[in-house]
Amino acid sequence: MSLSRRDFTRAALAGTGLAATGLSTLGLLTPAQAAERLLVVQWGANWIEVSKQILAEFQKTNDTQVAWELHSGGSAAVVAKIKATWPRTQYNVLSVWDPVFRAMIAEDWLLPIDESIVTNLKTIPDQYIQKNAKGEKMTVPLSTAGAFWGYRDDLLPGGFSSLEDLLKPEFKGKLCVPYPINLTGLLIVSAAIQRGGNERNPEPGWDFIKELASKGQIGEICTSNSEYINAMATGRYSVGFWNNGGWFATAKNFPVKLKNRMPDNKGFLYNEGFCVLKGSPAKAAFEFANFFAEPKMNEIYNMPLGSGPTQPSAKANPMIADWYYTPEELPKYAYFADFAYLSSVMNEWNARWEREIVPLVRRG
Amino acid sequence: MRRPSLSTALLWPALLVMVPLLLGPLLLLAHESLKPFVGGRIGGDESGALTLQNYAQIADPQYVRYFLDTFRVGLLATAFALVLGFPVAHFIVRRAGPTMRRLMVGGLVGTLFLSIIVRVYAIAMTFGPHGPLSDFSRLFGISASSPDGAELMVVLGLLNSTLPLVALTLIGTLQNINPRLEDAALSLGAPRWKTFFQITVAMSLPGILSAAIIAYAFCISNLVVPMLVGRGFIVFVSNLIYFRFSEVANFPSGAALSMVMMVISVALFYGLLSLVRSHWQEAGK
């Protein structure tokens with residue numbers, strides 16, 4: 001029996017159709033689900049672990065499907081990916097922090113938070129929430145986080161009392177600091193505060209960092225949380241300036257002390273949380289964000305991150321009890337940087353670091 | 001009779017893929033490099049007049065240093081890969097038995113399947129300040145924790161990838177050299193070292209050049225190795241480009257750096273090629 005090419009194609013198509021009909025009847029092949037799908041960008045390490053744990057709870061009562069993508073490098077990297085495809089971005093919900101919120105609000109990429117869905121926003125202090133020029137709430141803050149100086153107590157018993165001490169010979173090669181674009185230049189601001197400046201008057205800070213670099217005090221310049229955590233774990237460096245997440249991961253394995261109450265310097269506070277991009281399935285995205293902002297979930301979320309919950313009724317991890325400040329301490333020790341301004345000068349500061357600091361550390 | 005129409009027709013699919021995927025983005029990149037940038041915004045300012053400002057900033061002597069560092073460290077890693085890779089390839093082709101040859105070629109190919117991140121971290125853990133071979137850097141008179149130690153880590157990280165590439169490329173080259181030519185030189189009284197350099201190495205020069213170009217291109221365009229083991233001291237042009245695109249969203253400056261890097265790299269390779277053609281081919285006549 002001969003089979004022409006046309007007969008074969010017909011038979012194949014008919015067979016495929018019959019198979020699909022059969023599978024459909026048996027319920028093995030179903031039409032597209034009604035459930036919404038969200039692509040959420042989150043940090044790696046403990047952030048993604050705890051987020052998956054909370055998502056499992058969320059999906060017990062909500063059929064929204066969630067796919068995760070991890071930040072590569074700093075969270076600002078995701079804005080470049082969005083810009084390249086905007087407005088046809090694949091992302092829906094982003095977990096970022098204040099400077100990145102500001103950049104995206106400036107680009108008008110975010111949906112104002114629908115408080116009829118995100119009902120848990122009501123109990124989050126208003127000063128934590130980023131707003132647009134019209135005063136609309138644009139973010140769902142989940143964590144109060146910070147960037148601090150600190151040290152490994154096992155390597156440096158007694159630590160240091162002032163940043164000026166870090167210029168002493170015994171600290172040569174012992175400092176692990178962020179590239180200035182990480183933490184949006186807070187390293188420079190901290191150094192500036194030390195010498196009487198601030199983010200708008202950073203020259204004293206640049207001078208201080210140049211002193212550190214030219215004396216060979218800087219042992220490593222990190223560009224991500226995992227790099228910092230690894231660097232501090234090696235024992236090569238005893239002193240660092242990083243966010244609470246990096247310190248918390250280090251503190252799990254080594255004795256760590258934060259220098260967040262120095263008389264001549266400050267600790268930096270900011271918020272991390274969710275925002276929703278325009279073009280996303282809004283109801284599903286807001287329901288997702290609202291679930292994470294619920295007080296009990298907010299407590300679970302922050303417990304392994306070393307950050308403070310944003311819901312006043314949620315408890316903080318006892319390990320970080322003295323990492324943050326009491327209301328009375330806030331004016332004395334805390335600094336709330338102007339991230340909108342810092343974002344506007346970050347390009348200039350990055351170029352300046354490349355021109356003025358890297359050649360100095362390169363010489364050692 | 002030749003049928004040029006057929007070969008031309010076969011060229012079209014590749015051209016149709018290459019033009020939109022390579023040339024198109026390159027032109028867009030060139031256009032982006034001419035846009036002004038406003039701090040705090042994302043990407044170039046679409047409404048601003050085109051400018052050469054992004055190129056002027058790269059002309060700063062401090063940025064020339066980054067280009068020189070990239071080319072110098074890349075050259076070091078390539079030179080080491082050639083010096084170490086040639087004997088490996090020579091052993092595989094001329095000395096190794098069939099089993100050993102299969103094992104060695106399999107090993108070289110196998111390393112290429114290993115993620116570069118794994119390889120680089122393995123280097124850092126082995127040769128870093130707290131690794132079992134941390135004293136290795138002292139052979140070169142440098143401390144593992146010094147900036148030069150970071151440079152050594154970058155060279156080793158690059159070498160880890162380029163050595164198998166170079167060795168595998170040279171295996172093909174050496175296989176095409178008739179061993180009887182070496183035998184003839186030896187039987188005519190040439191010392192072994194002279195035979196090796198004047199017959200084997202000289203006849204391998206085109207292959208050595210190809211291997212060097214592949215290795216060098218890999219080195220100078222590398223982002224991961226200096227980022228992971230350069231400790232922020234060794235910064236390649238690729239890292240500068242990455243920071244601009246992904247961290248400060250200054251696409252125009254990143255695009256300008258990319259264009260300059262591409263032009264210099266292409267000029268360098270064509271310069272090298274013409275140098276080799278004019279000198280070595282003349283010498284071979």
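The values are calculated or read from the model by the stated rules, or taken from the named source; none is laboratory data. Please read all numbers here as calculations on a predicted model, not as lab measurements. Glycine also receives a Cβ, built like all others from the backbone with ideal geometry; neighbour counts cover every protein chain displayed. The accessibility values were calculated without ligands, DNA or RNA, using every heavy atom of the protein model including side chains. Shrake-Rupley method; radii C 1.70, N 1.55, O 1.52, S 1.80 Å.
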| Ellipsoid semi-axes in whole angstrom, largest first, where each is sqrt(5λ) of the Cα gyration tensor of the stretch A:235-283 | 33, 16, 9
| Hey, can you list the residues from the stretch A:81-116 whose accessible area shrinks by 40 Å² or more with all protein chains present, relative to the chain by itself (probe 1.4 Å, no ligands or nucleic acids)? | A:Lys83, A:Glu107
| Cα convex hull of the stretch B:39-78, projected area averaged across orientations, nm² | 4.4 nm²
| note | Rg/Rh of the stretch B:70-234 (Cα atoms, Kirkwood Rh), to two decimals, equals 1.04
| query | Residues of the stretch B:22-66 with accessible area at least 30 Å² lower in the all-protein-chain context than alone (1.4 Å probe)? | reply | B:Gly39, B:Gly40, B:Arg41, B:Ile42, B:Gln62, B:Tyr63, B:Arg65, B:Tyr66
| field | Average other protein chain Cβ within 10 Å of Cβ, residues A:342-351 | value | 5
| Computed [θ] at 222 nm, helices only, for the protein assembly as shown once each DSSP H run of length n ≥ 4 contributes -39500 (n - 2.57) | -15500 deg cm²/dmol
| Averaged across the residues of B:242-255, what count of C-beta atoms belonging to other chains lies within 10 Å of each residue's C-beta? | 6
| Mean accessible surface per residue for the stretch B:70-234, computed with a 1.4 Å probe while every protein chain stays in place, in Å² | 48 Å²
| note | Probe 1.4 Å, protein heavy atoms only: B and A together bury a total accessible area in Å², to the nearest 100, of 3000 Å²
| note | Long-range alpha-carbon pairs in the stretch B:8-146, meaning those over 18 Å apart, account in percent for 79 percent
| request: Could you sort the residues of the stretch B:104-145 by number and keep only those whose accessible area is reduced by 20 Å² or more in the all-protein-chain setting relative to the chain alone, 1.4 Å probe? | output: B:Tyr121, B:Pro129, B:His130
| message | Can you list residues from other chains, or at least 5 along the same chain, whose modelled amide H is less than 5 Å from the amide H of A:Val96? | response | A:Gly273, A:Cys275
| Which log10 I(q)/I(0) values, to two decimals, does the stretch B:110-155 give at q = 0.18, 0.20, 0.32 Å⁻¹ under the Debye formula with one point per Cα? | -0.51, -0.60, -1.12
| query | Taking only Cα atoms, what is the 0 to 90° angle, nearest 10, from helix A:203-214's long axis to the longest principal axis of chain A? | reply | 90 degrees
| query | How large is ³J(HN,Hα) for each residue in the stretch A:247-263, as worked out from phi by the Karplus curve 6.51 cos²θ - 1.76 cosθ + 1.60 (θ = phi - 60°), to whole Hz, x for Gly and Pro? | reply | 5, 5, 5, 5, 5, 5, 10, 9, x, 10, 10, 8, 9, 9, 9, 7, x
| request: Using 0.36 nm per residue of separation minus the Cα-Cα distance, give me the extension gain between B:Ser5 and B:Arg192 in nm, one decimal. | output: 62.2 nm
| Extent along principal axes [Cα atoms of the stretch A:119-169; Å; largest to smallest] | 52, 23, 12
| field | Inter-site label distance for B:Leu112 and B:Val38 at 7 Å from Cα along Cβ, in nm | value | 4.9 nm
| Where the centroid of each part is defined by its Cα atoms, how far is the stretch A:36-58 from the stretch B:9-73 in Å? | 36 Å
| note | Checked against a 20 Å limit on the C-alpha separation, the offending pairs among A:Lys81/A:Lys278; A:Lys83/A:Lys278; A:Lys52/A:Lys278 are A:Lys52/A:Lys278
| remark: Rounded to whole Å², per residue accessible area for chain A with a 1.4 Å probe reads 42 Å²
| note | The simple spin-label model distance between B:Ala184 and A:Ser226, using points 7 Å out along Cα→Cβ, in nm, is 5.7 nm
| query | For the stretch A:242-256 and the stretch A:60-119, what is the separation of their C-alpha centers, rounded to whole Å? | reply | 27 Å
| To the nearest 10 degrees, how steeply does helix A:45-58 sit against the main Cα axis of chain A, on a 0 to 90 scale? | 40 degrees
| field | In nm, spacing of pseudo-spin labels at A:Asn198 and B:Ser274 (7 Å Cα→C-beta vector) | value | 5.9 nm
| message | Give me the three principal axis extents of chain B from the C-alpha atoms, as integers in angstrom, largest value leading. | response | 75, 67, 35
| request: Per residue of A:216-229, count partner chain C-beta atoms within 10 Å of its C-beta, then hand back the mean as an integer. | output: 3
| Of all the accessible heavy-atom surface of the protein assembly as shown, with the other protein chains kept in place and a 1.4 Å probe, what percent is carbon and sulfur? | 62 percent
| query | Looking at chain A, what % of its DSSP beta bridges pair antiparallel, to the nearest 5? | reply | 60 percent
| remark: Across the alpha-carbon set of the stretch A:206-326, Rg over Rh with Rh taken as the Kirkwood radius works out to 1.05
| said: Whole angstrom only: what separates the Cα centroid of the stretch A:313-344 from the Cα centroid of the stretch B:208-285? | reply: 44 Å
| field | Span-rule helices in chain B, defined as complete DSSP H runs reaching 20 Å or more along the axis (Cα) with Kyte mean at least 1.6 | value | B:202-220, B:251-276
| said: Counting other C-beta atoms within 10 Å, and keeping those with at most 16, which DSSP coil trypsin sites (Lys or Arg not before Pro) do you find in the stretch A:33-106? | reply: A:Lys60, A:Arg88
| request: Evaluate E = 1/(1 + (r/R0)^6) for A:Glu211 and A:Ala233, where r is the Cβ-Cβ distance and R0 equals 25 Å; express this FRET efficiency to the nearest 0.05. | output: 0.35
| query | Going by alpha carbons, how many degrees (0 to 90, nearest 10) lie between the helix axis of A:282-293 and the longest principal axis of chain A? | reply | 40 degrees
| field | Sites A:Asp338 and B:Val266 - FRET efficiency at Förster radius 30 Å, r taken between beta-carbons, to 0.05 | value | 0.10
| request: Report, ordered by chain and residue number, the lysines lying within cross-link reach of A:Lys168, taken as a straight Cα distance under 25 Å and ignoring same-chain residues fewer than 8 apart. | output: A:Lys210, A:Lys215, A:Lys257, A:Lys259, A:Lys266
| task | Report, to two decimal places, the Cα Rg of the protein assembly as shown normalised by 2.2 N^0.38 Å (N = number of residues). | result | 1.14
| field | Computed P(r) (all Cα pairs; chain A; 20 Å bins; percent) | value | 27, 50, 16, 7, 1
